[in-house]
1. Treat every Asp and Glu Cβ in the chain as -1 and every Lys and Arg Cβ as +1, leave all other atoms uncharged, and give the resulting dipole magnitude about the Cα centre to the nearest 20 debye.
2. Which chymotrypsin sites (Phe, Trp or Tyr not before Pro) from the range 82-149 combine a DSSP loop assignment with at most 11 other Cβ atoms within 10 Å?
3. Relative contact order of the range 177-254: what whole-number percent is it, with Cα pairs under 8 angstrom and at least 6 residues apart?
4. Using Cα-only point scatterers and the Debye equation, what is log10 of I(q)/I(0) for the chain at each q in 0.09, 0.10, 0.14, 0.15 Å⁻¹, rounded to two decimals?
5. Can you pull out the trypsin sites (Lys or Arg not before Pro) in the range 206-254 that DSSP calls coil and that have at most 11 other Cβ atoms within 10 Å?
6. In Å², and per residue, what accessible area does the chain have when probed at 1.4 Å with the other protein chains present?
7. What number, in percent, do you get for the relative contact order of the chain if the mean sequence gap of Cα pairs under 8 Å and at least 6 apart is divided by its residue count?
8. Just want the answer: with Cβ charges of +1 for Lys and Arg and -1 for Asp and Glu, which residue in 115, 65, 95 is farthest toward the dipole's positive end in the chain?
Amino acid sequence: LALQIVVTAAVPWFYVGFAPPRWLRRHWREAETGAYRGANAALLTFADDVGTMAGRAVSWAMRFVGARAGLLLGPDGSIVASRGDLPLTELDGLVLRVRRSAITGPRLLDGNLAVVPMQTKFGEHLLVVVAGAFSPLFGSDELITLSEFAGSVSVAMDRVRLSEELRTATERTNALLEALSELGAGLLVSERGHVTYVNEAFADMSGYTAHELEGTDVLLLAPEEERAILAEQLIDAEVQTAPWHHEGRLQRRD
């Protein structure tokens, strides 16, 4: 009788185990979903260098699958970021092992190593994680999780790289503008007839400060008798793709 009672009571649990209701599946996945949401939030938090962003990505990848260590390899095979307790000799051997393997997609190496390629605008990176003490072997579930996460990492890495390029280009432009100003060459930049930038040399020539000129209608800087001609030239400049040349006079504030 006791055995029959135990077996009868176990039937619902077998059913729940093999076909759990939606609310129970949602509860079981709550921790995993929260971790994934936290990982993406960490990637969205801006970092001004690739190493910091790559380190965050590797740390979260390790948390997802209970890995012992992880690293991110650049397109040239160099280590962009690494986390974990691997000795230097073991780390070098791991990198060599991954390089020798033909990785064309998410792949498990001997069960204890998961390698996921990441396509970025700057070449293919490899996300590598090493199984830990409590997860001695990886399977398809871990590989799927890492593959999904790799997509978010690729976007984050591209964003940081593009920000670095933009910052470098901006610094070069600013250096050029400062050089022009030091040489006494006045420079004014306008968009749709309104001033968006002037250097100090132009401000000195005009008698205005750079702050006062920002947003000003360019036509107001010309003598009144020349404004109609300048207006026509600006309209022509907006529709033309070829460089155009116009000479005119500007009047000082005084």
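The values are calculated or read from the model by the stated rules, or taken from the named source; none is laboratory data. The model shown is predicted, which means the values in this text are computed figures rather than measured ones. Don't worry about glycine lacking a Cβ; one is built from the backbone with ideal geometry, like all the others, and counts go over all protein chains shown. Note: areas computed on protein heavy atoms with side chains; ligands, DNA, RNA excluded. Shrake-Rupley method; radii C 1.70, N 1.55, O 1.52, S 1.80 Å.
1. Working: 23 positive and 33 negative charges, 439 e Å.
Roughly 2100 debye, rounded to the nearest 20.
2. Values: sites: 122, 134, 138, 149; in loops: 122, 134, 138.
Answer in residue order: 134.
3. Here the relative contact order equals 26 percent.
4. Once normalised to I(0) and log-transformed, intensities are -0.66, -0.72, -0.93, -1.01.
5. On the way: sites: 227, 249, 252, 253; in loops: 249, 252, 253.
Listed in order of number, the matching sites are 249, 252, 253.
6. Values: 16210 Å² over 254 residues.
Heavy-atom SASA per residue in the chain reads 64 Å².
7. Numbers: 304 pairs, mean separation 33.0, N = 254.
Computed over the chain, the figure is 13 percent.
8. Positive-most Cα among the choices belongs to 65.
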